[in-house]
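A.B. asks: Right, I'll just put the structure down here and ask away after.
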Amino acid sequence: MSPRRNRSRGGEKPADHAGGGRYGLERTEEWRGEEWVVRHLGGGGAAKHYRCPGCDQEIPPGVPHVVAWPREGDVDDRRHWHKACWNARDRRSARLQRSRNAPRY
């Protein structure tokens, strides 16, 4: 008995959905009536601590996440989101209030 093959022997290759979810590639999405540039960062590209505006929790270094900013915005307008928070951004508020003793990043 030969071992099971996990790869196909050729034939069709999976379709690439315009970079959907591929690390390092940018795409444009519409949110709140404006266009946003969205980039997925892998764990190796995340070198600092960030605070997710969707859940107000910290994103530690080495964790894959999403960076999004308005197309017409500046570099200072970039926000780092957990991927799940970015996908649920219409159900979550980006204006959460922190407690008095929470760190402000």
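Each value in this text was obtained by applying a stated rule to the coordinates, not by laboratory testing. Everything numeric here is computed off the predicted structure, so don't read it as measured data.
A.B. asks: When the chain is fully extended, how far beyond the present Cα-Cα distance does Arg27 get from His49, taking 0.36 nm per residue of separation?
C.D. replies: Here the answer is 5.5 nm.
A.B. asks: Could you check how many percent of all C-alpha pairs in the stretch 26-87 are farther apart than 20 Å?
C.D. replies: Roughly 20 percent, once rounded to a whole number.
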